[in-house]
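Since the structure comes first, as structure tokens, the remarks are kept for the end.
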Amino acid sequence: MDLVQQIIERAKSNKQRIVLPEATEERTLRAADRVLAEDIADLILIGNPDEIHALAKQWGLEHIDKATLIDPENNPKSEEYAELLTELRKKKGMTIEKARELVKNPLYLGCMIIKTEGADGQISGALSTTGDTLRPALQIIKCSPGITCVSGAMLLITKQPQYGENGILVVGDVAVTPMPDAAQLSQIAVCTAQTAKSVAGFEDPRVAMLSFSTKGSASHEVVDKVIEATRLAKELDPNLKVDGELQADAALVPSVGAKKAPGSEIAGKANVLVFPNLEVGNIGYKMVQRLGDAEALGPILQGIARPVNDLSRGCSVDDIYKMVAITACQAMDAK
């Protein structure tokens, strides 16, 4: 069974409630129909119910009736949500009038449903920007305890089974924080290891903090940052298996790891890679994807107390379908 199917089966085994706030968008509604047909998750679709039903009929979708439909313009819980949002954001100047408008916004409404324990996760981005997806999540759901930095992980499924976890690697950050400091980088390490467990199913995440230096082979302030981040990651999660600074070959290739970092429990055995900044991460995963013919799944947002994931506006039906299963796996672990 390949990794994607493993993720889907894990989602089916403990169904989560996932919000799709862009439910009148064609790709989203088609993906929702497939998810419901295969019983992968319980879906909450936000949009005008009459419009959703009409579109489902137009596109020949037969399973949308299995979803819970919530009309943002006619929601019996609107005032309850507005009062809660006012309380949550009163220090930022939120008024009840402004809150009443915001809870009609599907992205805010979805996060309010999660905040009040009516759902377990949310996916948007087929129509919305990353900023529009993240803003309500950070304002309402907020970050996980001990975490202040949202980041994005990518699952890389390669054709090189000798590396990572039978050819699978989880890497971060590839999507959110351009220049993390040492504390943020340590949080990215902890969160990416957690994603490796909850989504990729790794029983034993082994985290390499990457740099252009291995164990003092070069001296520079950016290397010092990685060394400090490694120390902080161990403080943040004493059970985390992490080492750094390591070059990519020392992290992945046993013979190189043994030579460059003798005695390291991570060198040559890493299955989770943490990049020193977003520029390196984004370039690195795209090169592996294109030149190495690897499948890249994600980015998977991490660091939020309940999973809220962002899609590319160029996403496919299949992308959304897979992200529902990924979000469900994250949600199981977040409870």
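The values are calculated or read from the model by the stated rules, or taken from the named source; none is laboratory data. Computed from a predicted model, the values in this text were never measured in an experiment. Here the Cβ positions follow ideal geometry from the backbone for every residue, glycine too, while neighbour counts run over all protein chains shown. Just so you know, the surface numbers come from the protein's heavy atoms only, side chains and all, with ligands and any DNA or RNA stripped out. Shrake-Rupley method; radii C 1.70, N 1.55, O 1.52, S 1.80 Å.
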Of every hundred units of 1.4 Å-probe accessible area on the chain, the number belonging to carbon and sulfur atoms, as a percent, is 49
Taking Lys and Arg as +1 and Asp and Glu as -1, residues besides N282 with C-beta under 14 Å from its C-beta add up to 0
Within the chain, helix-based [θ] at 222 nm, where runs of 4 or more DSSP H residues each add -39,500 (n - 2.57), nearest 500: -13000 deg cm²/dmol
I'd like the distance between the alpha-carbon centres of segment 144-161 and segment 221-285, rounded to an integer number of Å. 14
Quick one: dipole size for segment 1-160, taken about the Cα centre, charges +1 on Lys/Arg Cβ and -1 on Asp/Glu Cβ, in debye to the nearest 20. 720
In this structure, the FRET efficiency calculated for I96 and D181 from their beta-carbon separation, with R0 = 45 Å, to the nearest 0.05, is 0.75
Nearest 5 is fine: what % of DSSP beta bridges in the chain come out antiparallel, could you say? 35
Please work out the FRET efficiency for the pair E51 and S219, using the Cβ-Cβ distance as r and a Förster radius of 45 Å; give the result to the nearest 0.05. 0.15
Charge tally for neighbours of D293 with beta carbon under 13 Å away, counting Lys, Arg as +1 and Asp, Glu as -1, is +2
Mind grabbing the base-10 log of I(q)/I(0) for segment 91-176 at q = 0.18 Å⁻¹? Debye formula, identical points on the C-alpha positions, no solvent, two decimal places. -0.91
Rank M179, M209, M112 by mean-square fluctuation in a GNM of the chain with C-alpha springs under 10 angstrom and give only the top-ranked residue. M179
Using the basic label-point model (7 angstrom from Cα toward the beta carbon), what is the K159 to Q289 distance in nanometres? 1.8
Rg to Rh for segment 1-130: what is it, with Cα atoms only and Rh by Kirkwood? 1.02
Give me the accessible area per residue for the chain, probe 1.4 Å, as a whole number in Å². 44
About its Cα centre, what dipole magnitude does segment 254-298 give when the only charges are +1 on Lys and Arg Cβ and -1 on Asp and Glu Cβ, stated in debye to the nearest 20? 180
